[in-house]
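S.K.: What follows is a structure written as structure tokens; I'll ask about it next.
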Amino acid sequence: MTKKDYYEILNVSRTASEEEIKKSYRAIAMQCHPDRNPGDKKAEERFKEAAEAYEVLSDREKREIYDHYGHEGLNSTGFRGFSGFEDIFSHFSNIFDDVFGYGNVRSHSRSSGIAGADLRYDLKISFLDAAFGLTTTIELEKLAACNQCNGTGAAPGSSPETCRTCKGRGQVIQSSGFFTISSTCPHCNGYGKFISKPCNHCRGTGKEQISKSVQLKIPAGVETGSRLRLRGEGEAGSKGGPDGDLYVFIHVEEHEFFTRSGDDIICRVAISFVHATLGGTIEVPTLQGKEKFKLPRGTQNGKTFRLKGKGIPHIRGFGHGDQIVEVFVQIPTVLSKKQEELLIEFEKLNQSNK
């Protein structure tokens with residue numbers, strides 16, 4: 001008997017996406033579910049065909065073989081379709097996990113374990129440390145694997161025993177009408193093992209509270225809101241799961257002279273009336289130290305100048321931002337009699353030149 005085309009069974013095109021295939025299969029499976037069609041052999045057969053088609057087309061490797069060589073190509077790999085509904089649920093339960101939302105069963109199985117909690121640490125650093133980077137050490141309080149039982153939760157000299165309820169699988173089979181669904185074992189909570197002799201130090205949890213010093217290397221160019229991730233420096237996992245991560249959030253203190261705009265820094269420098277009028281050389285503070293800068297004649301109050309490459313290092317590449325210098329003319333508040341006379345004479349000359 002010639003097999004039907006899998007794409008025709010699911011009513012999708014040969015270029016259908018994974019999501020389109022899943023959506024079509026779900027609709028057919030719900031429509032032809034034997035519990036909704038008791039005694040209807042056609043619906044039962046349609047359900048089986050759709051399950052087999054979905055199993056092939058949802059698997060990238062099987063789909064590629066089928067697209068190139070058809071059913072014969074799949075047969076050469078040992079694939080024989082489904083012999084019955086028990087075969088569907090025992091060998092291809094992942095289909096129903098994906099389509100009907102039983103994915104949580106796998107996430108709690110003993111093969112995956114439970115990942116440890118991620119931790120957050122807020123670190124305040126100076127403006128200059130953000131600009132140049134630094135290496136520092138922080139102190140953490142966290143849950144780590146118990147050093148008495150090495151995280152097993154079992155007393156020294158003993159070990160977790162295989163769960164008798166699920167035979168170490170971490171799952172039990174439950175039947176509901178036509179469906180047979182795997183669920184987390186209630187006795188071992190999906191671990192596949194249980195502890196008959198708990199560790200006295202951690203009381204069977206496999207974890208203990210510790211203080212730990214963690215060294216941080218903060219790159220140059222970070223700013224408030226920057227986040228560093230240290231893999232595995234979070235809290236210990238459970239049942240063989242990985243440790244969580246540590247997230248360090250950076251908070252940069254304000255500087256008394258510099259402000260930041262992206263990778264540029266901005267500063268305000270006072271100049272005298274004489275320098276503003278006649279020009280001259282002034283010293284400007286930069287992140288790397290003082291630098292001489294030549295003012296042009298007739299510099300106006302509020303004029304800005306750009307010092308190339310004197311800003312913050314680019315955190316994701318080479319080079320630096322710029323330093324923007326805003327000058328303001330500083331007006332003296334106390335003058336000697338001679339200075340007043342000279343300014344009055346200057347004003348008279350200025351008026352006569354108009």
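S.K.: Could you tell me which residue out of Pro198, Val284, Ser13 lies farthest along the dipole of the chain toward its positive end? Charges go on the beta carbon: Lys and Arg +1, Asp and Glu -1, centred on the Cα centre.
M.R.: Val284
S.K.: What is the magnitude of the charge dipole of the range 259-352 about its Cα centre, with +1 placed on the Cβ of each Lys and Arg, -1 on the Cβ of each Asp and Glu, and no other charges, expressed in debye to the nearest 20?
M.R.: 260
S.K.: Pop out the ³J(HN,Hα) list for the range 249-256 in order, Karplus 6.51 cos²θ - 1.76 cosθ + 1.60 with θ = phi - 60°, rounded to Hz; leave Gly and Pro as x.
M.R.: Couplings: 9, 8, 10, 9, 6, 6, 9, 6 Hz.
S.K.: Residue by residue through the range 44-56, what is 3J(HN,Hα) from phi via Karplus (6.51 cos²θ - 1.76 cosθ + 1.60, θ = phi - 60°)? Round to whole Hz and write x for glycine and proline.
M.R.: So the Karplus estimates, Gly and Pro as x, are 5, 5, 5, 5, 5, 4, 5, 5, 5, 5, 5, 4, 7 Hz.
S.K.: By how many degrees, between 0 and 90 and to the nearest 10, does the Cα long axis of helix 18-31 differ from the longest principal axis of the chain?
M.R.: The angle comes out near 40 degrees.
S.K.: Calculate the FRET efficiency for Asn353 and Lys303 from the Cβ-Cβ distance with a Förster distance of 25 Å, rounded to the nearest 0.05. Walk me through the numbers on the way to the answer.
M.R.: On the way: r = 23 Å, r/R0 = 0.94.
That pair, Asn353 with Lys303, gives E of 0.60.
S.K.: Relative to the present Cα-Cα distance, how much length would full extension add between Ser17 and Phe257 at 0.36 nm per residue of separation?
M.R.: Full-extension gain reported as 80.7 nm.
S.K.: Between their Cα atoms, which of Lys212/Lys239; Lys41/Lys167; Lys212/Lys290 are more than 30 Å away from each other?
M.R.: Checking Cα-Cα distances, Lys41/Lys167; Lys212/Lys290 exceed 30 Å.
S.K.: Pairs of Cα atoms under 8 Å, at least six residues apart: use those to get the relative contact order of the chain, whole percent.
M.R.: Contact order relative to length: 14 percent.
S.K.: Counting each DSSP H run of 4 or more residues in the chain as -39500 (n - 2.57), what helix-only mean residue ellipticity at 222 nm follows after dividing by all residues, to the nearest 500 deg cm²/dmol? Write out the running numbers ahead of the final one.
M.R.: Numbers: 10 runs with 99 residues, N = 354.
Theoretical 222 nm ellipticity from helices: -8000 deg cm²/dmol.
S.K.: Can I ask one more? Please list 3J(HN,Hα) in residue order for the range 339-344, calculated via the Karplus relation 6.51 cos²θ - 1.76 cosθ + 1.60 where θ = phi - 60°; whole Hz, with x for glycine and proline.
M.R.: 3J(HN,Hα) across the range 339-344, in whole Hz: 5, 5, 4, 5, 5, 5.
S.K.: Among Asp59, Asp122, Asp40, rank each residue by its count of other Cβ atoms within 10 Å, from fewest to most, as a rough exposure measure.
M.R.: Asp122, Asp40, Asp59
S.K.: Near Thr259, within a Cβ-to-Cβ distance under 11 Å, what is the net charge of the other residues, with Lys and Arg +1 and Asp and Glu -1?
M.R.: Details: positive: Arg260, Arg268; negative: Glu254, Glu256, Asp264, Glu326.
The answer is -2.
S.K.: Once the dipole of the chain is set up with Lys and Arg at +1 and Asp and Glu at -1 on Cβ about the Cα centre, which of His320, Gly170, Ala27 lies farthest towards its positive end?
M.R.: His320
S.K.: Further, regarding this structure: Exposure proxy check: His320, His33 ranked by fewest other beta carbons within 10 Å?
M.R.: Numbers: His320 20, His33 15.
Ranked by crowding around the Cβ, least crowded first: His33, His320.
S.K.: Now a separate question. In the chain, what percentage of the DSSP-assigned beta bridges are antiparallel, given to the nearest 5?
M.R.: 75
S.K.: Which FRET efficiency value, to the nearest 0.05, is calculated for Lys217 and Ser183 with the Förster distance at 45 angstrom and r the Cβ-Cβ distance?
M.R.: 0.50
S.K.: Here's a follow-up. For the chain, list the cysteines whose Cβ sits under 4.7 Å from no other cysteine Cβ?
M.R.: Singleton cysteines: Cys32, Cys267.
S.K.: I've got another one for you. Full-extension gain between Glu340 and Glu45, please, as 0.36 nm times their residue separation minus the C-alpha to C-alpha distance.
M.R.: Full extension of this stretch gives 95.4 nm more.
S.K.: Still on this structure: What is the sum of charges, Lys and Arg at +1 and Asp and Glu at -1, for the other residues whose Cβ falls under 11 Å from the Cβ of Phe249?
M.R.: Computed value for this residue: +3.
S.K.: Suppose every K and R has +1 on its Cβ and every D and E has -1 on its Cβ; what is the size of the dipole of the chain about the Cα centre, in Debye to the nearest 20?
M.R.: Magnitude of the dipole: close to 520 debye.
S.K.: All other residues with a Cβ under 12 Å from the Cβ of Thr136 taken together, and with Lys, Arg as +1 and Asp, Glu as -1, what is their net charge?
M.R.: 0
S.K.: Once fully extended, how much extra length lies between Ile138 and Val274, figured as 0.36 nm per residue of separation less the alpha-carbon to alpha-carbon distance?
M.R.: 43.8 nm
All of the numbers you see were taken from the coordinates with simple rules; none came from a lab. Note that the structure is predicted; figures quoted are calculated from it, not measured. Because the Cβ atoms are built from the backbone with ideal geometry, glycine has one as well, and the counts that use them run over all protein chains shown.
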